[in-house]
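Novice: Dumping the structure here so I can ask a few things about it.
The values are calculated or read from the model by the stated rules, or taken from the named source; none is laboratory data. All figures in this text were calculated on a predicted structure; none of them were measured in a lab. Every residue, glycine among them, receives a Cβ derived from its backbone with ideal geometry; neighbour counts consider all protein chains shown. For accessibility, only protein heavy atoms count, side chains too; no ligands or nucleic acids. Shrake-Rupley method; radii C 1.70, N 1.55, O 1.52, S 1.80 Å.
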Amino acid sequence: MAEWRIDMPDDEAEPGPGRALPAAGGAGVSRSAVVFLRETATRARLTLRAGLRGLIGIVYPPTCIACQAATGEAQALCPACWRGIGFIARPYCERLGTPFPVDLGAGLLSPAAIADPPVFARARAVCRFDGTARELVHRLKYGDRVELSLTLGRMMAQAGRELAAEADLIVPVPLHRTRLWRRRFNQAAALARTVSRETGLPLVTTALTRIRRTRQQVGLTRAQRADNLQSAFQVSAAARGLVEGRRVLLVDDVLTTGATVNAASRALLRAGASAVDVLTFARVVTDGREVTT
């Protein structure tokens, strides 16, 4: 039987048996005393965390995750690199999330979304796949910089908050087991884990599996990408009940032509998902030319 797992967002640990606070109404302990003890314990914990962060900052000064310039806090971008990211904001196509040059009103669809509607319902991305964003994705994906998923994932949670508000669960786009073995981690799963923590949505890490090893998408045309991914994804029988009737937020690092997320969305919808929305860190934005990035 296929293995599946739901990862719930991390919560603050509850006090264990050895450090439980006295209950209100106990012998000689008033409710106000219990509240005072809890507030004191919380302040002490926050002070300790701040002190540890300060000490780490002295030993290892925080630097920009893109260019290594000095920054005021860890896992951040310097002002220059921040300006180098082409953030995507409205106006954009409500279906594909591609930006419009001018605002022509709410709820508009792009010609591409009308001529060739995607399998998924909506797609959103933090930024364009160029400049600083391209460098960050490549470092995460090919440079073993898994810690970048913390910053990129937080940005994704902000960009996709309207999708998260309607979603029931998060599913990352999977890698084939041979590619996962070579790369050692799935960048989409790492990003999805951060989005899950930020939004409070449950993360189903193994609902979707990649059952067919495909060629690398880089260098392929739109049609070749679609053919390459035919029947590449499957929802396991054990996870079908988790997906059925639920709106899924599908997470990946980059949206290029949409071939990958279309194929993954089709598998989820066949398994009974009510709808699939897509959230990525970056997306390729073109002027209509064929994409082979």
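Novice: I'd like the carbon and sulfur percentage of the solvent accessible area for the stretch 63-199, probe radius 1.4 Å, heavy atoms only, ligands and nucleic acids excluded. Before the final figure, lay out each step's value.
Specialist: Numbers: 3700 of 6700 Å².
Here carbon and sulfur together make up 55 percent of the probe-accessible area.
Novice: Using alpha-carbon positions, what is the distance between the centroids of the stretch 233-263 and the stretch 84-104, in Å?
Specialist: The two parts, judged by their Cα centres, are 24 Å apart.
Novice: Keeping every protein chain in place, order 144, 116 by accessible area at 1.4 Å, biggest value first, i.e. largest first. Show your work: numbers first, answer last.
Specialist: Numbers: 144 75, 116 100 Å².
Solvent-accessible surface, decreasing: 116, 144.
Novice: Contour minus end-to-end for residue 244 and residue 36, with contour as 0.36 nm per residue of separation and end-to-end as the Cα-Cα distance? Can you show the working numbers first?
Specialist: Details: separation 208, 0.36 × 208 = 74.88 nm, distance 4.66 nm.
Gain in length upon complete extension: 70.2 nm.
Novice: Over the stretch 73-192, with the other protein chains present, what is the accessible area per residue in square angstrom, probe 1.4 angstrom? Show your work: numbers first, answer last.
Specialist: Details: 5880 Å² over 120 residues.
Counting only protein heavy atoms, the per-residue value for the stretch 73-192 is 49 Å².
Novice: Same structure, new question: So for the pair residue 179, residue 90, with labels modelled 7 Å out along Cα→Cβ, what separation do we get in nm?
Specialist: 3.5 nm
Novice: Also: Taking every pair of distinct Cα atoms and averaging 1/r, then inverting, what Kirkwood hydrodynamic radius in Å comes out for the stretch 54-141?
Specialist: Working: mean 1/r = 0.0649 Å⁻¹.
Over the stretch 54-141, the inverse of the mean reciprocal pair distance is 15.4 Å.
Novice: What figure, in Å² to the nearest 10, do you get for the accessible area of residue 30 with a 1.4 Å probe and non-protein molecules left out?
Specialist: Taking all protein chains as shown, residue 30 has close to 60 Å².
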